[in-house]
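Q: Here you go, one structure.
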Amino acid sequence: MKILAGKFYGLGVGPGDPDLITLKAFRILEEVNLLCVPRSSSDRDSLALQVVKRLTGRETERLELSFPMSSERPVLEKSWAAAGEEVARKVRQGNRVAFVTIGDPMFYSTYAYVLRHLKFHHPDLETETVPGVTAMSACASALGIPLAEGDESVAVLPAVYGLKDLEKVVREFDNVVLMKVNKKVGEVAALLDRLGMRGKAVYFSRCGYGDQYVTANLDDLAGRRLDYMSLLIIKKRGFAGDTQAGAGGMNR
Ligand SMILES: C[S@@+](CC[C@H](N)C(=O)[O-])C[C@H]1O[C@@H](n2cnc3c(N)ncnc32)[C@H](O)[C@@H]1O
């Protein structure tokens with residue numbers, strides 16, 4: 001019988017459509033015996049875990065890790081360290097532990113903080129990160145809009161932390177992706193209007209889920225409660241030739 005030593009994995013499962021997981025991540029998922037479940041104080045079931053459930057159909061034991069919804073660095077650091085210690089303890093007991101993340105594990109994911117703790121405080125433990133399809137790649141593909149071509153530049157910003165730099169970035173870059181944009185869409189729309197860039201952005205929420213929603217008309221979003229799983233792609237040259245976005249024909 002093959003005896004497997006303890007190991008910690010970070011697995012990207014893609015942005016929602018279970019078919020977008022890599023073969024490697026899928027194979028490892030079948031092999032691990034503990035799945036990390038990130039819990040925040042908002043207590044949402046992990047979306048990555050929902051993808052896993054739709055894929056594997058088997059129940060894997062859970063390791064609940066608590067991450068508070070806080071912007072205070074010391075509070076967050078304490079939770080990352082506690083999670084790292086919990087994972088290390090389990091790996092030392094011989095468990096194969098997977099931290100599944102939406103999209104790519106190295107792109108705006110809590111996994112990276114836990115991994116950093118492990119590498120610093122437990123450098124002897126084995127770790128492996130398996131990349132995943134990012135949400136912005138999936139949205140671009142679903143839309144048929146290239147994120148960049150030729151000599152175009154791209155900037156990615158997490159909109160949730162404030163838009164003070166957005167105007168500068170929009171002026172300097174050809175294309176801009178705004179992650180975590182749900183609470184800032186109104187402000188972004190106002191800025192784009194001011195810059196004469198109305199119609200040069202597409203809003204995409206819950207890509208790959210049954211209720212995915214797309215619009216190139218940001219006015220459609222006024223008064224709606226927008227999902228956290230949403231992003232905005234801004235293209236300075238617009239979308240002519242790519243889709244019907246410019247004609248406002250993308251609502252689904
Ligand atoms: C914590 S970040 C995770 C990013 C992820 N690791 C990736 O590689 O794309 C969460 C943000 O990713 C974006 N996102 C994730 N899944 C998405 C989806 N299915 N549709 C649209 N945006 C999504 C949203 O901007 C959301 O606020």
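Since every read-out is calculated from the coordinates, none of them should be taken as a lab result. Note that the coordinates shown come from a computational prediction; the quantities given were computed from them, not determined experimentally. Methodologically, a virtual Cβ is constructed for each residue, glycine included, from the backbone with ideal geometry; neighbour enumeration extends over all protein chains shown.
Q: Taking only the C-alpha atoms, wrap a convex hull around the chain and report its volume per residue in Å³ as a whole number.
A: Expressed per residue, the convex hull around the Cα atoms of the chain is 146 Å³.
Q: Also: Tally the DSSP beta bridges in the chain and give the antiparallel ones as a percent, rounded to 5.
A: 35 percent
Q: About the Cα centre of the stretch 1-157, what is the dipole size in debye to 20, counting +1 per Lys and Arg Cβ and -1 per Asp and Glu Cβ, all else neutral?
A: 620 debye
Q: With the contact rule set at Cα under 8 Å and sequence spacing of 6 or more, what percent relative contact order holds for the stretch 1-136?
A: Normalised by residue count, the contact order of the stretch 1-136 is 43 percent.
Q: Then there is this: For a quick protection proxy, order the peptides 196-206, 74-84, 215-225, 96-106 by their average other-Cβ count within 10 Å, most packed first.
A: 96-106, 196-206, 74-84, 215-225
Q: Mind checking which of 105, 210, 8 is farthest towards the positive end of the chain's charge dipole, using Cβ charges of +1 (Lys, Arg) and -1 (Asp, Glu) about the Cα centre?
A: In the chain, that residue is 8.
Q: For the stretch 135-247, treating each Cα as an identical point scatterer without solvent, what Debye log10 I(q)/I(0) comes out at q = 0.11, 0.12 1/Å?
A: -0.29, -0.35
Q: Per 10 Å bin from zero, what fraction in whole % of the C-alpha pairs of the stretch 7-130 is there, up to the bin with the longest pair?
A: Each 10 Å bin holds this share of Cα pairs: 14, 49, 33, 5.
Q: Considering only the other residues whose Cβ falls under 11 Å of the Cβ of residue 18, what net charge follows from Lys and Arg at +1 and Asp and Glu at -1?
A: 0
Q: Taking θ as phi - 60°, what are the ³J(HN,Hα) couplings along the stretch 84-93 by the Karplus curve (6.51, -1.76, 1.60), each to the nearest whole Hz, with x for Gly and Pro?
A: For the stretch 84-93, the Karplus-derived couplings read x, 5, 5, 4, 4, 4, 5, 5, 5, 7 Hz, x marking Gly and Pro.
Q: Distance cut-off 28 Å, Cα to Cα: go down the list 7/183; 119/164; 7/180; 184/236; 7/78 and report the pairs above it.
A: Violating the 28 Å Cα-Cα cut-off are 7/183; 119/164; 7/180.
Q: Rank these for me by crowding, 167, 59, going from fewest to most other beta carbons within 10 Å.
A: Listed from fewest to most nearby Cβ atoms, that is 59, 167.
Q: For residue 14, what residues show an amide H to amide H distance below 5 Å, using hydrogens built from the backbone and excluding near sequence neighbours?
A: Amide H to amide H, under 5 Å and 5 or more residues apart or across chains, residue 14 pairs with 103, 133.
Q: Roughly what % of DSSP beta bridges within the stretch 7-156 run antiparallel, to the nearest 5?
A: 5 percent
Q: Over all distinct alpha-carbon pairs, what is the Kirkwood Rh of the stretch 60-135 in angstrom?
A: After inverting the pairwise mean of 1/r, the radius is 13.1 Å.
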